[in-house]
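The values are calculated or read from the model by the stated rules, or taken from the named source; none is laboratory data. These numbers come from a predicted model, not from an experiment. Please note: Cβ atoms are built from the backbone with ideal geometry, for glycine as well, and neighbour counts cover all protein chains shown. Just so you know, the surface numbers come from the protein's heavy atoms only, side chains and all, with ligands and any DNA or RNA stripped out. Shrake-Rupley method; radii C 1.70, N 1.55, O 1.52, S 1.80 Å.
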Amino acid sequence: MKSGRVKLPGQIERYTFSERVVHWIAGGGYVYLLLSGLAFFSSHFYWLASLLGGGLAARVWHPWVGLLFVIAVVWMHHIWRRDMRLTEADRAWSKALWHYIRNEDSNVPPAGRFNTGQKQFFWLMYFGGILLLVSGLILWFTEYVPWNWRAVRSFAVLVHVVVALLTVGGFIVHIYMGTLVVRGGWGAITQGTVSETWARAHHRLWWNEITGDATAKNDSLLLEPTDRTS
Amino acid sequence: MAGGTLELRRISASKSPAPGIRQMPTVTKYIDTTTCIGCKACEVACQEWNDLPAETTVQIGTYQTLPDMTANFWNLIRFAEYENGGLHWLMRKDQCMHCEDPGCLKACPAPSAIVQYMNGIVDFQQDHCIGCGYCITGCPFNIPKFHNKTKKVYKCTLCVDRVAVGLEPACIKACPTGCLQFGTKSQMVQLAHHRVEQLKNQGYSQATVYDPPGVGGTNVITVLAYGDRPDAYGLPRNPTIPLAVRLWKDVLQWLGNLSIVGGLIIAALHYLRFGPKAVKEEAQAAESGDEI
Ligand code: HEM
Ligand code: SF4
C-alpha cells in the first residue's frame, strides 16, 4: 500500500499502517535504548535504570532492543529509501536552513515527501544504527575479545559513545520538530492522515505529485514572523 | 566480597566519598619472583579460603595450571622461559594488582559495584554489578573475569575479609619460601628495594621493583630480576588506563551531558522565540473560531 491516497475529502494519507508500525517499533525501541544507554553512559543518569527495572535488567535487555531497533530501521530503509534520497534540490533547501529555523518559510524551497532535514535525520539513524550495532556486538560479548585484540574493545567503546550521542542530538530535534513545530505531524505518524492544506504548506512537491497539480505556486501557506507582528 | 567495616576511598560511578574518620595505611602484597619455587601453594590457599570450586587444569605445555585466570580462579603462577645468555625459568604470581588509580573502577557505570577501601584494596561488589564488562575494558592487566552463569565479574579481593580483621591474605599465609610478604606499602617498598640491592650485588644489574607509576603505583609490587624485560614475565611495560576509557569518562561524558542539556534548552528557547510553523489558513480559521 502506498501513501498519498486521498481518503476523506481534504485528507491525505501520509503514512500507511505498516509505515506507522515500523516507525513506532523504532521509536519505542529507541526510547528504551536511550534511557538504558544514558544510565550506562553517565552516573548522573544511572537513576534512569531504575525506571527500567534496575541496571541488571537494563544490561540484559539493551542489546536485544538494539537488535530490534536496527531491524526496524533497516525495514524503514527498505520502504523509504527512494523518498529519502538526497537530490540536487536538497542542496538549495540546506542553504535556506537558517530561514527554515526562523520560520521564514517563503524563503525555503518547496519540499517533496520529506524535507532535507527529515532525510538527513533518517540517514543519521540508519548509518548510526548500523555502527551502533557493530560496536554494540563487541560490547555485548566483551569477555570473548582476546587480550591481544583489546584495542578493538577500546575502539568499540568510543564508536558506541560518539555515535549514540550524535543520534541523541538528532532525536531531540526530531521529536521537537515533529510534535511542537510542525503541528499535524503527530496526527500523521499516529493516525496516518494530514489535511490537504498541511501537505501543500509543508511538502508542496509531494502534494503536487499526489494531486497531479503541477501549478507549484510559490505563495507560502505558513505564518511568518512578519505576519504576526503586522 | 565483604569488607563492610572498612572505610571507602573510591566508589565506582560516584563522587569520591569524604575522607574517612578512621585513617589507615595502604596495605601491599610483596612478590619476589626470584625466590618463588612455583609450588602453587598460594593457588590452593586462594581457592580454599575463597571457597572457589576446583577448575580442571589445562595442559599448555608448561607447569602453569591454566592458560589464564578465570572467574573461579584468581591467583595464577605464570611460567615463562626467557633466554638471555642462558635459559631462565621465570615464575610470576599473577592476580589483581590493586592499582592506586584503578581502571576498572573508572570504567564501571554501576554505583558501588567496584570500591577502593581506605587501605587501598580494590574490590568488586557483585551484588551491585550489572555485568556490562566495562571493567574488563578498563583494566590494563587483564584481570576481571566474567562468569557466564552469574553474569558478574570476579577477581582477587586481596582477602579483604581477612585483612579487615587483622589477618594476612591466604596466599601469603601459605607461601613456604617467604617470597610473598604482606604489610604497609612503605614497609613492602623498603623490603623490595633491599631485595633489589641484593640481586644487583649478585650480578642481576637490571633488577627492579615493578610498581608502575602509570596507574599511580600498585598495591601488589613485584621484584623482577630482569627488570628491563617486564614483558618476559607477562607484565605490560608501562600500564595506564586505556585512552578510550579516559576519553570517555573525562571528556565525552561531560561533553555529552552538556550537549543534551544544551540541546533541550535551545529547543525550548527556539519554541519561545519562533514557535510552531502554523498554517496560515488554519491559524486564521482558528482565530475566527471555525473548525478545520
Ligand atoms: C519516540 C519518539 C518519537 C516521536 C514522538 C516521533 C515523532 C514523529 C513524527 C511526529 C513524525 C512525522 C513527521 C512528519 O511527517 O512531519 C515522525 C516521522 C519520522 N520518524 Fe519519528 N518519532 C520518534 C522516534 C523516532 C525514531 C527513534 C526514529 C529513528 C529511526 C524515527 C524516525 C522517523 C522518520 C525517518 C520519520 C519520517 C521523516 C521524518 O519526519 O523525519 N522516529 N516521527
Ligand atoms: S561488569 Fe560489573 S564491576 Fe565490571 S564495570 Fe560492569 S558493573 Fe562494574
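Observations on the structure shown:
- Of residues in the stretch A:30-69 being among the aliphatic types (A, V, I, L, M) and open to solvent by 50 Å² or more (accessible area, probe 1.4 Å), the one nearest to the other protein chains (Cβ to nearest Cβ): A:L56
- Pairing residues of the stretch B:117-142 that are closer than 24 Å to B:K29 by Cα with residues that are near ligand 2 (Cβ under 8 Å from one of its atoms) and of a type outside the set (A, V, I, L, M, F, W, C), at Cβ distances under 6 Å and at least 6 apart in sequence or on separate chains, gives B:Q126/B:K152; B:C135/B:P144; B:I136/B:P144.
- Selection within the stretch B:47-78 - in contact with a strand residue (DSSP E or B) (Cβ under 8 Å, 6 or more places away or on another chain) and in a helix (DSSP H, G or I): B:Q47
- Among residues of the stretch B:95-116, those that are over 11 Å from the mean Cα position of the chain (by Cα) and open to solvent by less than 10 Å² (accessible area, probe 1.4 Å), counted: 3
- Meets criteria (in a helix (DSSP H, G or I) and more than 10 Å from chain A (Cβ to nearest Cβ)) for B:L272: yes
- When we screen B:V196, B:V223 for residues that are more than 16 Å from ligand 1 (Cβ to nearest atom), surrounded by fewer than 22 Cβ atoms within 10 Å (Cβ to Cβ) and assigned by TED's automatic domain parsing to the domain that holds B:I37, the only hit is B:V196.
- Residue check, A:V134 within 11 Å of chain B (Cβ to nearest Cβ) and either buried (at least 21 other Cβ atoms within 10 Å of the Cβ) or not aromatic (F, W, Y) (or both): no
- For B:A113, the test of being small (G, A, S), within 13 Å of chain A (Cβ to nearest Cβ) and within 20 Å of B:K40 (Cβ to Cβ) is failed.
- Failed criterion for A:Y15 (all others in (1) touching a residue at least 24 places away in the same chain (Cβ under 8 Å); (2) closer than 30 Å to B:L255 by Cα hold): (2)
- Filtered residue count, the stretch B:89-107, keeping only those that are within 14 Å of chain A (Cβ to nearest Cβ) and either away from ligand 2 (no atom under 12 Å from the Cβ) or β-branched (V, I, T) (or both): 1
- Residues of the stretch A:6-56 that are more than 16 Å from ligand 1 (Cβ to nearest atom), touching a helix residue (DSSP H, G or I) at 6+ places or on another chain (Cβ under 8 Å) and among the small types (G, A, S): A:G10, A:A39, A:S42, A:A49, A:G55.
- All conditions but one from (1) basic (K, R); (2) closer than 17 Å to B:I241 by Cβ; (3) out of contact with any Phe, Trp or Tyr (no Cβ under 8 Å at 6 or more places or on another chain) apply to B:K151; the one that does not is (2).
Here is a yes/no grid of residues against (1) touching a Pro at 6+ places or on another chain (Cβ under 9 Å); (2) farther than 16 Å from B:C132 by Cα; (3) not in a helix (DSSP H, G or I); (4) not hydroxyl-bearing (S, T, Y):
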site	(1), (2), (3), (4)
A:P63	no, no, no, yes
A:L68	no, yes, no, yes
A:I71	no, yes, no, yes
A:Y100	no, yes, no, no
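- Of the residues making up the stretch B:166-187, one or more are part of a helix (DSSP H, G or I) and of a type in the set (S, T, N, Q).
- Residues in the stretch A:102-114 that are aliphatic (A, V, I, L, M) and either within 14 Å of ligand 1 (Cβ to nearest atom) or open to solvent by 60 Å² or more (accessible area, probe 1.4 Å) (or both): A:A111 alone.
- Verdict on B:T177 being assigned by TED's automatic domain parsing to the domain that holds B:I31, open to solvent by 10 Å² or more (accessible area, probe 1.4 Å), in contact with a Ser or Thr (Cβ under 7 Å, 6 or more places away or on another chain) and hydroxyl-bearing (S, T, Y): yes
- Contacts under 7 angstrom Cβ, first residue in the stretch B:145-161 being assigned by TED's automatic domain parsing to the domain that holds B:F73, partner among the acidic types (D, E), 6 or more apart: B:F146/A:E143; B:T157/B:D123; B:V160/B:D123
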